[in-house]
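We did not get these values from a lab; they are worked out from the coordinates using the rules stated. If you're wondering where the values come from, they're calculated on a predicted model, not measured in any experiment. A quick note on method: Cβ atoms are made from the backbone with ideal geometry, for glycine too, and the neighbour counts reach across all protein chains shown.
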Amino acid sequence: MNARFQIATHILTLLYHSNGEVLSSDYIAGSVNANPALIRKELGNLRKRGLVESKEGKTGGYTLSKPAEQITLADVYAAVKSASPFGLAKNQPYPDCPIGKQVNKHIVDLYNDVDQNISKQLNTITLADFGKKFV
């Protein structure tokens, strides 16, 4: 898993605690301590996934698109996850090796099981549940 889950969760938790106030990408970037361009890219992804809304203009910024009780951390994970939870090697194993010719299939099966377990666990936690830890 990469850092995108942590960044996206930070962004959404910050928006949850804003109580509907519109937050600018620069403000969010300051909280995350990350480049505003990176934050805007992640906000665009979260908007495309229906987790945030944006308002254009001088007083523009971002808010949650729905109540935090309706957003699970599994939604966040699905919005940012890469192809596999651990990454895949670029090389192809030697096909005449009894291990090499099967290892990728078994690794992919393992990754899928892990991914499903991660999603299952994260589906039990709403953004509101997570956000209440910051009191």
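Data table
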| quantity | calculated |
| --- | --- |
| Reachable lysines from Lys132, criterion Cα separation under 28 angstrom, eight or more residues apart if same chain | Lys41, Lys48, Lys55, Lys66, Lys81, Lys120 |
| Karplus (6.51, -1.76, 1.60) ³J(HN,Hα), θ = phi - 60°, over the range 69-82, in Hz, Gly and Pro reported as x | 5, 9, 10, 9, 5, 5, 4, 5, 4, 5, 6, 10, 5, 8 |
| Choice from Asp109, Asp26, Asp96 showing the highest fluctuation, given a GNM over the chain with Cα pairs closer than 10 Å | Asp96 |
| Exposure proxy ranking, count of Cβ atoms within 10 Å, fewest first, for Lys105, Lys66, Lys81 | Lys105, Lys66, Lys81 |
| Within a Gaussian network of the chain (alpha carbon springs, distance under 10 Å), most fluctuating of Val76, Val114, Val103 | Val103 |
| Among Thr59, Thr72, Thr124, residue whose mean-square fluctuation peaks in a GNM of the chain (springs only between Cα atoms under 10 Å) | Thr59 |
| Total charge dipole magnitude, the range 4-131, about the Cα centre, Cβ charges on Lys, Arg, Asp, Glu only, Debye to nearest 20 | 360 debye |
| Local net charge near Leu51, Cβ-Cβ under 12 Å (Lys/Arg +1, Asp/Glu -1) | +1 |
| Residues of type aspartates and glutamates that Lys105 reaches as a straight line, Cα spacing below 14 Å, ignoring anything fewer than 8 places off in the same chain | Asp113 |
| Top positive-direction residue, dipole computed over the range 4-131 with Cβ charges, set Ser24, Gln70, Gln6 | Ser24 |
| Separation between Cα centres of the range 101-131 and the range 1-48, rounded to whole Å | 23 Å |
| The chain: relative contact order in percent, alpha carbon pairs under 8 Å with at least 6 residues between | 31 percent |
| Taking the range 22-72 and dividing mean pair separation by its residue count, relative contact order in percent (alpha carbons under 8 Å, at least six apart) | 37 percent |
